[in-house]
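For reference, the structure is listed below as structure tokens.
Only the coordinates and a few stated rules stand behind these numbers; no lab work does. Keep in mind that what you see is a predicted model, and the values were worked out from it rather than measured. Neighbour counts run over all protein chains shown; Cβ positions are idealised from the backbone, glycine included.
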Amino acid sequence: MDLGISGKRALVCASSKGLGRGCAEALAAAGATMILNARGAEALEATAEAIRTAHGVEVIAVAADITSAEGRARVLEAAGAVDILVTNAGGPPPGLWSDWDRDDFIAALDASMLTPIALIQAALPGMIARGWGRVVNITSRSVKAPIPALGLSNSARAGLTGFVAGTARQVAPHGVTINNLLPGAHATDRTVALDTNAAQAQGISFEEARAKSEAAIPAGRYGTAQEFGATCAFLCSQHAGYIVGQNILLDGGSVNATI
Ligand code: NAP
């Protein structure tokens with residue numbers, strides 16, 4: 001299917017690895033000009049070069065912490081007028097409700113709520129002026145079904161979800177859509193870390209912890225970054241102009257709900 005976005009300019013944040021990279025690969029495969037970002041320059045450059053080689057599109061790579069004002073300013077300046085924005089960053093750490101003080105909550109809100117909001121606010125005026133834009137935020141299935149150990153994530157992502165719900169309706173008349181993608185477990189570095197922790201906590205091997213986790217998912221496996229990226233690219237396509245303010249679960253059926 002031709003996604004109709006060849007030549008569009010796409011900024012994908014936190015995209016040297018994992019789900020962000022999956023989105024970048026799929027958008028580049030559809031012919032978009034790419035701006036990639038991550039903190040670590042080495043992995044970022046390697047990903048940028050791999051995408052240039054595989055898809056023959058222009059790729060600009062900006063090594064920066066997207067959750068800092070200074071990092072965001074550098075990324076936005078290099079990106080210029082973007083047609084497509086995918087917001088993403090690392091998730092907040094796990095813990096217990098009693099572990100976190102005000103500073104922990106402020107840090108989580110900065111990373112998972114205020115950073116995507118600042119990026120959206122920077123991108124929207126140009127998208128509205130040009131009469132076309134696509135914003136996809138990578139959030140989490142925890143928005144629909146809380147993950148108890150991820151209280152910081154549950155809280156901050158709920159705030160972003162509320163902002164998107166109203167704003168998406170305000171910008172829809174201008175040909176701009178904003179939607180959220182809610183990943184369940186995907187096979188990335190993040191789940192390697194989470195399953196390693198689970199294995200240690202339960203005194204079992206990594207493989208046993210992974211198998212236990214996969215067995216709890218109706219699909220019986222973790223998702224892939226490729227599947228995730230393909231959904232993101234569709235949401236950014238010409239065909240998805242009527243999908244507005246939605247929270248789309250990609251979780252193999254993990255959230256047990258009718259709607
Ligand atoms: P990942 O495999 O660990 O990849 C994270 C990517 O983001 C890397 O490229 C990393 O590069 C970059 N990054 C992290 N913090 C950054 C920052 N402050 N500024 C710029 N780049 C940054 O993680 P993932 O699995 O793709 O997860 C992506 C998001 O989805 C996270 O917020 C995670 O909580 C959420 N999520 C993931 C899953 C899952 O199963 N994978 C499930 C639910 C939610 P550098 O480290 O070099 O910066």
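Structure summary
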quantity: P(r) weight above 17 Å for the range 168-259, C-alpha pairs, percent; calculated: 59
quantity: Computed magnitude of the charge dipole of the chain (debye, nearest 20; Cβ of K, R +1, Cβ of D, E -1); calculated: 680
quantity: Mean projected area (nm²) of the alpha-carbon convex hull when the chain is viewed from all directions; calculated: 13.9
quantity: Å³ per residue enclosed by the Cα convex hull of the range 1-86; calculated: 78
quantity: Aspartates and glutamates with Cα under 15 Å of LYS8, excluding same-chain neighbours fewer than 8 positions away; calculated: GLU25, GLU58, ASP83
quantity: Dipole magnitude of the range 17-163, debye to nearest 20 (Cβ charges: Lys/Arg +1, Asp/Glu -1, about Cα centre); calculated: 500
quantity: Where chymotrypsin sites (Phe, Trp or Tyr not before Pro) fall in DSSP loop in the range 171-259, at most 10 other Cβ within 10 Å; calculated: TYR242
quantity: Rel. contact order, % - alpha carbon contacts under 8 angstrom, at least six apart, the range 70-168; calculated: 42
quantity: Qualifying trypsin sites (Lys or Arg not before Pro) in the range 1-65, DSSP loop, other Cβ atoms within 10 Å at most 12; calculated: none
